[in-house]
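What follows is a short report on a single structure.
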Amino acid sequence: MSSSPVRDGRPARGQLFIVSAPSGTGKTTLVERLVQCVPGLRLSRSYTSRPARAGEQDGVDYNFITREQFERMVHEGQFLEWADVFGNYYGTAAADTEAWLTQGEDVVLVIDVQGARQVRSRGIETIGIFVLPPSAAVLEQRLRGRSKDSEEQIRRRLEVASAEVDEYAQYEYVVINDEIEAAVGR
Ligand code: 5GP
């Protein structure tokens with residue numbers, strides 16, 4: 001994963017990793033730690049129509065755009081995948097990942113299960129990793145603990161989480177995020 005091997009004088013194509021997990025699983029922290037310790041692994045920055053939460057920065061956490069801008073990008077076929085998650089649009093720009101992959105860099109997409117399905121259905125080779133919380137009770141605790149969301153949003157996230165967990169068998173690896181250092185290691 002770390003060496004960007006050369007083939008015929010050009011870098012061999014990088015590998016595309018997909019990480020999916022119910023919201024509140026701690027996947028963002030996990031993947032951020034992973035890209036710090038694994039050389040040659042790039043984290044794709046998604047586009048979203050969701051408003052930035054406190055502390056989030058445009059161009060760092062996401063590319064924050066309007067619904068109209070997002071819909072234009074969809075219309076222009078700019079997305080490798082996109083989905084409506086919790087009423088907001090999220091998508092991966094094809095050009096961003098393609099540039100890295102052709103340079104031989106490995107890329108990790110942190111996307112929901114609908115997006116992962118789209119990438120697979122395009123026949124693109126991916127290595128899928130599904131991150132699970134230790135239990136449903138811990139997930140609920142984490143969602144409440146971060147207190148970023150209203151009660152209604154938390155309920156909705158828990159419902160969606162339970163449907164998402166059913167998809168784990170579509171992924172090559174499952175990692176339980178019980179303790180961050182241990183999970184990064186795994
Ligand atoms: P959040 O709003 O909590 O940052 O993210 C909500 C959900 O959207 C998470 O499950 C996250 O993985 C997913 N998500 C983030 N970026 C993308 C993307 O580019 N495509 C898709 N399909 N899902 C995404």
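Remarks
- The range 98-116 - residue that is within 11 Å of the ligand (Cβ to nearest atom) and assigned to a helix (DSSP H, G or I) and, of those, farthest from Leu41 (Cα to Cα): Gln114
- Flag if Val107 is of a type outside the set (S, T, N, Q) and under 22 Å from Thr25 (Cα atoms): yes
- Among the residues of the range 160-184, those that are open to solvent by less than 70 Å² (accessible area, probe 1.4 Å) and assigned to a helix (DSSP H, G or I) comprise Val160, Ala161, Ala163, Glu164, Val165, Ile180, Ala182, Ala183, Val184.
- Residues that are polar (S, T, N, Q), touching a residue at least 60 places away in the same chain (Cβ under 8 Å) and open to solvent by 40 Å² or more (accessible area, probe 1.4 Å), drawn from the range 113-159: Gln153
- Single match in Arg142, Arg146, Arg157, Arg186 (criterion: within 15 Å of Phe17 (Cβ to Cβ) and modelled with pLDDT under 90): Arg186
The values are calculated or read from the model by the stated rules, or taken from the named source; none is laboratory data. Note that the structure is a prediction, hence the values are computed from the model and not measured. Glycine also receives a Cβ, built like all others from the backbone with ideal geometry; neighbour counts cover every protein chain displayed. Quick note on the areas: whole protein, heavy atoms, side chains included, nothing else; ligands and nucleic acids left out. Shrake-Rupley method; radii C 1.70, N 1.55, O 1.52, S 1.80 Å.
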